[in-house]
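Here the structure comes first, spelled out in structure tokens, and everything after it is commentary.
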Amino acid sequence: MNGRIIFHIDMNSFYASVEAVHHPEWRGKPLAIAGKVEERRGIVVTASYEARAKGVKAPMPVWEARRRCPELIVKTPDFELYREASRQLFSLLKTYTPLVEKVSIDEGYMDATELARRVHPLRLAEDIQKRLLDELELPSSIGIAPNKFLAKMASDMKKPLGITVLRKRDVPKKLWPLPIADMHGVGAKTAEKLTAIGIRTIGDLAAADKAQIAALLGQYGEMLHERANGRDARPVDPEAEAVFKSISQSTTLPEDIVSEEEARRVFQRLAVRLSERLKKKRSVAYQAAITIRYANWQTTSHGKTVHQPLQSPQELAAIAVRLFAEHWDGRPIRLLGISVQSLEDAARATKQLDLFTYQTDAKEEPLLEAIQRLEAKYGAPVVQKGVARGQAAFKKAQADGARTPPPSPRPKQSRHEHSESEAEERPDSENESHA
Amino acid sequence: MALATSSIAGESGLLMKLTVYRDALAENVNHVMKAVSPRTTIPILTGIKLEATPEGLTLTGSDSDVSIQAFIPLEEDGVQKIEIHQPGSIVLIARYFADIVKKLPNDQVDIEVDSRFVTRIRSGQAEFSLNGLDAEEYPRLPVIRADNVVPIRKDLLKQVIRQTVYAVSTSETRPVLTGANWAIKNGRLTCVATDSHRLAKRVVAVDVDPAVEYKNVVIPGKSLNELGKILDDNGNDWVDIAITSNQILFKTDNIQFFSRLLEGNYPETDGLIPRDAKTEIILNTKEFLQAIDRASLLAREERNNVVKLKTFEAEKRVEIISQSPEIGRVYESVPVIDHSGEEMRISFSSKYMMDALTRIDAEEIKVTFTGAMKPFLIRPLDDDNILMLILPIRTN
């Protein structure tokens, strides 16, 4: 792994930048992307640099953002638009090398070791950054380093439109003075634990006794210690996306809830939506987690890895309810969410049948046999089992009198007026990010 | 309490005094240790109770779910094992006592307990002083008053445990499935265990009045596994079983093994075992097992250990295939002794298959399929008293 050159490409206030492409009149103005503006769950997800200059930042309630910046333009998110921009972004990156790993909708790694034999890495980064700006009108920051961790830290050092080189020899001067909370991979809780034993900077962590950190944080601590010392052997993995990708569905409740029964109903609703999105992706999940946000905004997450694939609303609701029963501490709840990870192509997923329920699965057998016969006759997979596409949304749209069936599985705005304040918080509900 | 104990103390002022052969002590301490849990919520249960009577020494260990009592008689097979100088009792912290006993230098061990429960353990030139606990504080073992005692041969009981308990559930989602379900009817004991993905069933004859009937006796799998380890090949060949509504007792010459029973109704499983057959193949167990074992090398655990099996009627063989897109592919052809019915394609967990094949104790097996999405059965060729069932894996 000697002498690798890794880029981390990080888009600057991505959602706001994409919006500005489609609304040239908003360029240079303070802009915030936030959930349903008129309701209390409106939270700023992204703010343009102009808005940030006025003290607007995520996650901040919209009313507070407006107080700080009265001329703020607030836009509800349009994830279809952002996903499209993200697709363009990654296909542009892949014109350089196939060794591109998508980390989330707006950031990725690129292994530029081979490319750098022909082009100076700095020239290459400038070219990428310029093309993103010229062709997609999107600003980015790029970190250049011998490994992923340092590249990620480097891209953070200069924003917007920065290019930062972080060599191994720069680590003591550029990385070590940073506060520990700024280290990628260190969350609020980990930072708290580290600070409690006197580790305030990344340099402190690098110099700390590895065994002590391991005792405090386990294997994860050992990994952080390695990274603080500038070591990170992870390859850029173009396939990694599927594994880390997560889909989540959450809802801020119109009123705080305090009973397991109410929570169960909320989870069942969320599970239906989540299941539709999984089916649309023809995916199943092997990990599920729930998020509970209490009335005081304290937020906790609890997850579980399963052996049998999750896809149906029943399976998703059951695991969510179980996790909830295990972890809810009884306080009033403001938001509930379910997320799934470790996604796999449904065609590759297998399910260990159950003695007490196999009869349900066995009903599908004649169909599967027919498919097998066709496959045997024609070779390649000629048919696949169909999936019900956004059925609930379809019925809803019919009820709402929508004119364009079949509808997109994501419900139209009108849905909110008709359904009992279904109240999906878009920024959360459409969050497709890595774990 | 001080008065009471001093009145028990003998002339020497000691609460208990005995000399015992180290190996007999070590062996029996090891037995009762199987019931002692380091994570008990009842502090005294971290200890082993020693109770010396003129007949010998009784050791007791318990985690309140399982209790084990082992008795060392004055002599066994004409060989002296122990000498009781002063009958009495004491509780010693199990962890330390067990380790000490194992490492004592001499064949003989002197144990004496003074009125303050300080216990001196002497062997050769080594002397330990352990602070003991008052044996009066130790909970009483359940009193088993069963109308009937069910005798079973020890080796048969061990076999039953080995052939069924592996299939109990390890997950608490459905607690009753963490136990094995026993039923006695018409002089036959039926044992069933399932984690809902596979099932093992064994029927054995027991020497009781055919009128004796028990059902829904659900014994924790953990208890049966411990019992299996304790049942040695020495002494009397029979084990007496006594069953009450919430306890079961297994009794050999010198060991009493108590287990709590699981509450709740064990699900009815007989109706879920297919009766008809679409395909039946007869295989050499060892050949088949080895092929599955090889195929399992590429079957990933986190994805159900899938192996695929295809049967070929005319060619009298089965194909076993396993593949992982990341790792590679394995293919093997195994001859079948006989093939009847339709050709079958089915996927299942290599782990479940190996668990079943290593425990079936038959040279040749017949495997009966009723469909790719239905449970299939593995049985010895001419023995209906054992049945292993596996649920297939659905692949798309």
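The values are calculated or read from the model by the stated rules, or taken from the named source; none is laboratory data. Bear in mind the structure is a predicted one, so any value in this text is a computation, not a measurement. Neighbour counts are summed over all protein chains in view; Cβ atoms, including those assigned to glycine, are modelled from backbone coordinates with ideal geometry. Side chains included, ligands, DNA and RNA excluded: accessible areas come from the protein's heavy atoms. Shrake-Rupley method; radii C 1.70, N 1.55, O 1.52, S 1.80 Å.
Points to keep in mind about this one:
- Selected residue [assigned by TED's automatic domain parsing to the domain that holds residue B:236 and polar (S, T, N, Q)] from B:169, B:115, B:129: B:169
- Single match in B:302, B:287, B:315, B:326 (criterion: acidic (Asp, Glu) and modelled with pLDDT of 95 or more): B:287
- Only helices (runs of 4 or more DSSP H) whose full extent lies in region A:48-110 are considered here, and the ones with at least 2 residues that are open to solvent by 50 Å² or more (accessible area, probe 1.4 Å), among the basic types (Lys, Arg) and farther than 16 Å from residue A:16 by Cα are A:62-68, A:79-94.
- Matching residues in region B:97-130 - criterion: being assigned to a helix (DSSP H, G or I) and in contact with a strand residue (DSSP E or B) (Cβ under 9 Å, 6 or more places away or on another chain): B:97, B:98, B:100, B:101, B:103
- Any hit, region A:28-43, residues being under 21 Å from residue A:165 (Cα atoms), assigned to a loop (DSSP other than H, G, I, E, B) and modelled with pLDDT of 85 or more: no
- Of the residues B:334, B:367, the single one that is touching a helix residue (DSSP H, G or I) at 6+ places or on another chain (Cβ under 6 Å) and at pLDDT 95 or above is B:334.
- Of all residues in region A:296-310, none are surrounded by 16 or more Cβ atoms within 10 Å (Cβ to Cβ), of a type in the set (Phe, Trp, Tyr) and farther than 23 Å from residue A:347 by Cα.
- Only one of the listed residues (A:203, A:218) is touching a Pro at 6+ places or on another chain (Cβ under 9 Å) and either in contact (Cβ under 8 Å) with a residue 12 or more places away in the chain or not assigned by TED's automatic domain parsing to the domain that holds residue A:144 (or both). That residue is A:203.
- Candidate set from region A:271-295 (those that are open to solvent by 10 Å² or more (accessible area, probe 1.4 Å) and either under 16 Å from the mean Cα position of the chain (by Cα) or not assigned by TED's automatic domain parsing to the domain that holds residue A:249 (or both)); member that is modelled with the lowest pLDDT: A:281
- The residues in region B:165-176 that are free of Cβ contacts under 8 Å to residues at least 40 places away in the same chain and buried (at least 23 other Cβ atoms within 10 Å of the Cβ) can be counted, and the count is 0.
- Residue B:266 being open to solvent by 30 Å² or more (accessible area, probe 1.4 Å) and aromatic (Phe, Trp, Tyr): no
- Selection count, region A:312-357, where residues are within 14 Å of chain B (Cβ to nearest Cβ) and outside any helix (DSSP H, G or I): 18
- All of A:152, A:130, A:158 fail the test of being touching a Ser or Thr at 6+ places or on another chain (Cβ under 7 Å) and outside any strand (DSSP E or B), apart from A:158.
- The condition (being open to solvent by 50 Å² or more (accessible area, probe 1.4 Å), modelled with pLDDT under 95 and touching a Pro at 6+ places or on another chain (Cβ under 8 Å)) is satisfied by just one residue among B:147, B:65, B:77: B:65.
- Residue within region B:269-282 that is open to solvent by less than 50 Å² (accessible area, probe 1.4 Å) and touching a helix residue (DSSP H, G or I) at 6+ places or on another chain (Cβ under 7 Å) present: no
- Any hit, region B:216-235, residues being more than 14 Å from chain A (Cβ to nearest Cβ) and within 15 Å of residue B:386 (Cα to Cα): no
- Residue B:240 being away from chain A (no Cβ under 14 Å) and of a type in the set (Asp, Glu): yes
- Matching entry among A:5, A:9 (being surrounded by fewer than 23 Cβ atoms within 10 Å (Cβ to Cβ), closer than 30 Å to residue A:168 by Cβ and β-branched (Val, Ile, Thr)): A:5
- Positions within region A:161-188 being outside any loop (DSSP other than H, G, I, E, B) and open to solvent by 80 Å² or more (accessible area, probe 1.4 Å), in sequence order: A:168, A:169, A:173, A:174, A:182, A:188
Residues checked against (1) modelled with pLDDT of 90 or more; (2) assigned to a helix (DSSP H, G or I); (3) open to solvent by 60 Å² or more (accessible area, probe 1.4 Å); (4) more than 24 Å from residue B:253 (Cβ to Cβ):
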residue	(1), (2), (3), (4)
B:5	no, yes, no, yes
B:20	yes, no, no, no
B:26	yes, yes, no, no
B:31	yes, yes, no, no
B:45	yes, yes, no, yes
B:51	yes, no, yes, no
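- The residue of region B:213-243 that is surrounded by the most Cβ atoms within 10 Å (Cβ to Cβ), among those that are of a type in the set (S, T, N, Q) and modelled with pLDDT of 90 or more, is B:223.
- Restricting region B:244-253 to residues that are at pLDDT 90 or above and open to solvent by 40 Å² or more (accessible area, probe 1.4 Å), the residue that is farthest from residue B:316 (Cα to Cα): B:246
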